[in-house]
1. Any idea how many residues of segment 65-110 are small (Gly, Ala, Ser) and within 16 Å of the ligand (Cβ to nearest atom)?
2. Is it true that some residue in segment 160-172 is surrounded by 19 or more Cβ atoms within 10 Å (Cβ to Cβ) and closer than 30 Å to MET92 by Cα?
3. Consider PRO116 carefully, then state whether it is in a loop (DSSP other than H, G, I, E, B), in contact with a helix residue (DSSP H, G or I) (Cβ under 7 Å, 6 or more places away or on another chain), within 24 Å of VAL154 (Cα to Cα) and modelled with pLDDT of 95 or more.
4. Hey, any hits in segment 255-266 for a residue that's within 14 Å of the ligand (Cβ to nearest atom), within 22 Å of the chain's Cα centre (by Cα), surrounded by 15 or more Cβ atoms within 10 Å (Cβ to Cβ) and among the β-branched types (Val, Ile, Thr)?
5. Identify, by number, the condition in (1) in contact with a helix residue (DSSP H, G or I) (Cβ under 8 Å, 6 or more places away or on another chain); (2) within 12 Å of the ligand (Cβ to nearest atom); (3) more than 19 Å from VAL288 (Cα to Cα) that VAL218 doesn't meet.
6. Please go through segment 242-267 and pick out each residue that is in contact (Cβ under 8 Å) with a residue 40 or more places away in the chain and touching a helix residue (DSSP H, G or I) at 6+ places or on another chain (Cβ under 8 Å).
7. Out of (1) more than 16 Å from the ligand (Cβ to nearest atom); (2) part of a loop (DSSP other than H, G, I, E, B); (3) out of contact with any strand residue (DSSP E or B) (no Cβ under 6 Å at 6 or more places or on another chain); (4) under 27 Å from CYS303 (Cβ atoms), what's the single condition that is false for ASP198?
8. Does LYS27 meet the test of being at pLDDT below 95 and on the phi < 0 side of the Ramachandran plot?
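The values are calculated or read from the model by the stated rules, or taken from the named source; none is laboratory data. All figures in this text were calculated on a predicted structure; none of them were measured in a lab. Reconstructed Cβ throughout: ideal geometry from the backbone, glycine too, with neighbour counts over all protein chains shown.
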Amino acid sequence: MEKKNIDWANLGFGYIKTDYRFVSNYKNGAWEEGYLTEDANVVISECAGVLQYAQTIFEGMKAYTTADGRIVTFRPDLNGERMEQSAARLEMPVYPKDEFVKAVLKTIKANEAYVPPYGSGATLYVRPYMFGSNAVIGVKPADEYQFRVFTTPVGPYFKGGVKPLTIRISDFDRAAPNGTGHIKAGLNYAMSLHAIVDAHKQGYDENMYLDAATRTKVEETGGANFLFVTRDGKVVTPKSNSILPSITRRSLIQVAKEYLGLEAEEREVFVSELGDFAECGLCGTAAVISPVGKIVDHGKEICLPSGMSEMGPVTKKLYDTLTGIQMGTIKAPEGGVVEVE
Ligand SMILES: *Cc1c(COP(=O)(O)O)cnc(C)c1O
């Protein structure tokens, strides 16, 4: 298989059309057997449930070329499981996780020529998603759905080196205590757009959202979970029912405990203790971990001791170990890495 002629190292994070995408339609109470198509366009009713009432969910994952030339993906079972949970919360039919994994592997295989080579820093981003496709005008769940998977090659996240982020505590709330913050749904992103545009205007990279009920506890950013390191080297991640269960964050906890012998704890994290931490990072598929250098709480600056020029030492170890597992240079935990064959 010949790779596409792409300048992998200089790719950004944008949509590039690849050759194939997977489609399966849900009709009369059942999923049809899916297929690959070269048609990148979706044609649906002007009154489709997704267009009127935002009935849509998605996942995000990556395919990598390992040091020994295999194409792999990391924990696709967990993405499939999470998509099942997202579907249930929005009254959408579940696309079974085993079928989900098959569809993802099939789509990656079909677009093998777009999986960036080992060492380029680039990866193939994989986007499974589902939406209500038939006409819905009275408020109710759609009867018909489409599940799709497309891929797009994306460049190295830390192009030109790691730059720790400056984030602000947001006055906007992301998710209600018993709302939809824990599922991966477009609706959680639509409401975050104003807050992120405003943050950028004010010179911040990201918003730190607090719990909507008391505004005293750390939740997450618009698209990444927080990870903190205490001054005595313990890893802490916020616990809340309204944050998205990040697979990267859960994997980093496993790495901390099983590979690095660190203590790791999921617990409530209060704004009042932010000044006590040694390191802070944002975890998600896109970057694995982006270090945070400064948190601004309404003009009051909390500067992390790890500084504004590099990743903190524990963050760096976590990052190197998890990316090593993904790229095949460090032995993966049981079920961690799945090969595309
Ligand atoms: C996708 C997402 C994350 C990161 O999850 P990963 O599984 O690690 O990619 C974190 N927060 C939100 C709100 C997300 O949508």
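1. Summing the residues that are small (Gly, Ala, Ser) and within 16 Å of the ligand (Cβ to nearest atom) in segment 65-110 gives 3.
2. Looking through segment 160-172, none of the residues is surrounded by 19 or more Cβ atoms within 10 Å (Cβ to Cβ) and closer than 30 Å to MET92 by Cα.
3. yes
4. Yes, because at least one residue in segment 255-266 is within 14 Å of the ligand (Cβ to nearest atom), within 22 Å of the chain's Cα centre (by Cα), surrounded by 15 or more Cβ atoms within 10 Å (Cβ to Cβ) and among the β-branched types (Val, Ile, Thr).
5. Going through the list (1) in contact with a helix residue (DSSP H, G or I) (Cβ under 8 Å, 6 or more places away or on another chain); (2) within 12 Å of the ligand (Cβ to nearest atom); (3) more than 19 Å from VAL288 (Cα to Cα), VAL218 breaks only (2).
6. Across segment 242-267, the qualifying residues are LEU244, PRO245, ILE247, THR248, ARG250, SER251, LEU252, VAL255, ALA256, TYR259, LEU260, LEU262.
7. (2)
8. It is false that LYS27 is at pLDDT below 95 and on the phi < 0 side of the Ramachandran plot.
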